[in-house]
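Notes follow the structure.
The values are calculated or read from the model by the stated rules, or taken from the named source; none is laboratory data. Just so it is clear, the structure is predicted and the values come from calculations on it, not from any experiment. Here the Cβ is made from the backbone with ideal geometry for all residues, glycine too, and neighbour counts use every protein chain on show. Quick note on the areas: whole protein, heavy atoms, side chains included, nothing else; ligands and nucleic acids left out. Shrake-Rupley method; radii C 1.70, N 1.55, O 1.52, S 1.80 Å.
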Amino acid sequence: MNLAILIGVSDYASPVPKLPACKTDLALMARLIRNTNKFGDILEVGADTSSSSVKAQLAQFVKKHGGSGVDELFFYYSGHGDLFKDDFYFLFSDFSDKQRNQTSLTTEELDSMLRTLSPKLTVKVVDACHAGVTYVKEPDALKKQLTVSTGRFADCYFMFSSQSSQTSLQDDKLSDFTREFVVACTNFSGKEIRYRDIVDHISDAFATNPDQTPTFVIQAPCVEIFCSIEKSIRNLLQLTTARVRRRQSGSKPALGSAIAQAIQDRAAEFCTKEEVSHFLQSLGERMKGASFFSDLKDSYRLETELSETYEGIPDLGPIGKWVKEKGGDFFATPITGTEQYEVTDPFETYLRPATLTKPVMATREVITSFDCTAETPYKAIRVTAYPLYENLPHAVAVIVFVFSKRDCVVFYSFQTVKEMDWGKLAPIEGRRWTYATFAMKTDPDAKSAADSMIKLFEAFLTKQGKEKLGLVEDDSATAGGGEKAKAKKSDSETKTSSSETKK
């Protein structure tokens, strides 16, 4: 069984400042957790957040599931926090410094409660900072404390929104750290997102922010899956857009209606012609300089070619059909041709027995390809993986794309290729296409798009290499380009700084 505990504390007694965003944090995280469809029981604490109530609800929940056999335990907290005497305190709505132990919960006490469930995997996501502390602690004090906490569990991921010497930021709607946790899922281009993928996204999102540096402690193989990315999860991104738009403008826009506000919010997601061109140029440049990330990095040399035509790429008809059915907003058009097929002549059937009739050839119009209707720096990318060892297969990744003013849909096909002579490869064959969608506004330099393609290609080639070497393949490995994937929406917003509340 998988369990989740979600706590959001926003209303604090004076003099502790209120945190209105924590209420939204909890609601958003609760929707995300429920839409994963993986947690058998979820404790959501947000109405009565007094210390006695929260501690009682925690104790009852843990007692209820004691001895149940817990596979994964997910704990989330948004509110004020305090690092005091080498322990982290979760502060509740009636917190008083004079009654610190009664009106808060220490990490040590929380861990003692959670340990009784013996979870195989423990995940703690904490969006808080050390409220009420009047001095700056050493930067790694929190990490030291969290490292001690990890020793109390088997596999675990601890994600903390800031360092000991920093505060965690929010405005009146949502906290920065919680938002990026959700965006990591809604913006993910693959099917299943690991906890490590979420950590990487959050790290990149705060990389240029000197005021807040998230802290992570990982004691796990980094293969654990948070959830499968479904449409219901991608839709959660809509709840985070208005906040970012207000930050970019610096103030709330004086618009006369809700629809006018929505128009302005959505308009900010669209790109100019120059921004689209920059995205495509960056994608090509990153692919030309790419290499594998992990196991195959030292086993293959990648060589990338950019082509101004689709020459040599077979079976583009399915992409043309996609453009016709789903590409209404895209700068692309399907290309049609004719093909011959056999039909039975109705007059022959009437005059002769069915066993004596011969089929005749007829002609029909079919979609054979597609083309971009707007100017592009290139039309196709071909990445050839040359093995550095003779017992590994050659492979080719073929990538084409269509784009609108907002999204770039990347179609890709991976396949191993027969070597006809030393260094001479056979032509590529027709394969089924897979595709992923990237919001160009949130990935202006195409880093996420390029990294995703290389990681998927590496996963495909890893599987092929294991099969050729006679190794047992894990069923969870990615199949790469041999299967048709569903459309993937990758939406996010650019993070900007403005006046924010400190937790």
* Check on F457, in a helix (DSSP H, G or I), modelled with pLDDT of 70 or more and either among the hydrophobic types (A, V, I, L, M, F, W, C) or on the phi > 0 side of the Ramachandran plot (or both) -> yes
* To do: Take the range 61-77 and flag every residue that is among the hydroxyl-bearing types (S, T, Y) and surrounded by 20 or more Cβ atoms within 10 Å (Cβ to Cβ).
  => Y76, Y77
* Return the residue satisfying two criteria in turn: it lies in the range 409-451 and is assigned to a loop (DSSP other than H, G, I, E, B) and in contact with a Pro (Cβ under 6 Å, 6 or more places away or on another chain), and of such residues it is farthest from S282 (Cα to Cα). => G430
* Structure fact -> Per the list (1) under 17 Å from F279 (Cα atoms); (2) open to solvent by 10 Å² or more (accessible area, probe 1.4 Å), residue check on I428 breaks on (1)
* Would you say G320 is small (G, A, S), under 30 Å from T363 (Cβ atoms), surrounded by 15 or more Cβ atoms within 10 Å (Cβ to Cβ) and touching a Pro at 6+ places or on another chain (Cβ under 6 Å)? -> yes
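To keep it simple, each residue is scored yes or no on (1) within 23 Å of A450 (Cβ to Cβ); (2) within 27 Å of the chain's Cα centre (by Cα).
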site: T304; (1), (2): yes, yes
site: E311; (1), (2): no, no
site: P314; (1), (2): no, no
site: P318; (1), (2): no, yes
site: E325; (1), (2): no, yes
* If you go through the range 362-378 one residue at a time, do you hit one that is at pLDDT below 90 and of a type outside the set (D, E, K, R)? -> yes
* Structure fact -> A27 meets each of (1) assigned to a helix (DSSP H, G or I); (2) at pLDDT 95 or above; (3) surrounded by fewer than 18 Cβ atoms within 10 Å (Cβ to Cβ) with one exception, condition (2)
* For I399, indicate whether it is open to solvent by less than 10 Å² (accessible area, probe 1.4 Å), assigned to a strand (DSSP E or B) and either in contact (Cβ under 8 Å) with a residue 12 or more places away in the chain or on the phi > 0 side of the Ramachandran plot (or both). => yes
